[in-house]
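Read the structure below first, then the notes.
What follows is calculated from the coordinates using simple rules that are stated; it is not laboratory data. Not measured: the values here are computed from a predicted model. Because the Cβ atoms are built from the backbone with ideal geometry, glycine has one as well, and the counts that use them run over all protein chains shown.
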Amino acid sequence: MELYILIEAGRIIGLGSTIGLIMLTGTAGAWLARSQGVEILRKIQEETARGQMPAITMIDGALVLVGGLLLLTPGFFTDVLGFSFLVPLTRDLWRKGLNAWLQKQMRNGTVTIRHL
């Protein structure tokens with residue numbers, strides 16, 4: 001699917017424009033991932049300093065990491081998915097879904113969390 005979208009984009013807007021757009025989204029994604037990552041690290045430090053377990057913030061961190069990796073992968077579909085992991089509004093939806101899934105897996109006994 002990703003390859004088809006790239007080929008069609010190249011056909012419609014041209015090869016140079018398609019490559020430029022991919023490079024632009026990669027650069028914008030790297031900047032956004034870095035800024036969101038720094039913010040998440042700050043929140044983790046604050047929560048840890050207050051003696052709280054930063055579980056939800058850690059999920060945010062994982063989503064930002066995956067989003068950044070997706071944006072470095074050439075393609076428009078992966079870019080849209082990656083940006084949805086980086087933008088706080090849509091990342092909140094992903095986090096809620098992932099959190100619900102993880103809780104269900106723990107209730108079913110298919111995920112084990114070990115405390116050190």
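Quick look at the numbers
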{"item": "Estimated vicinal HN-Hα couplings, Hz - the range 5-21 in sequence order (Karplus 6.51, -1.76, 1.60; Gly, Pro = x)", "result": "5, 5, 5, 5, 4, x, 5, 7, 9, x, 5, x, 5, 5, 5, x, 5"}
{"item": "Nearest 10 degrees, 0 to 90: helix 76-86 Cα axis against the chain principal axis", "result": "30 degrees"}
{"item": "Peptides 5-13, 75-83 ordered by average Cβ neighbours within 10 Å, highest first", "result": "75-83, 5-13"}
{"item": "Packing rank of 60-69, 84-93, 14-23, 98-107, where each peptide gets the mean count of other beta carbons within 10 Å, highest leading", "result": "60-69, 84-93, 14-23, 98-107"}
{"item": "Relative frequency of Cα-Cα separations exceeding 24 Å in the chain, percent", "result": "40 percent"}
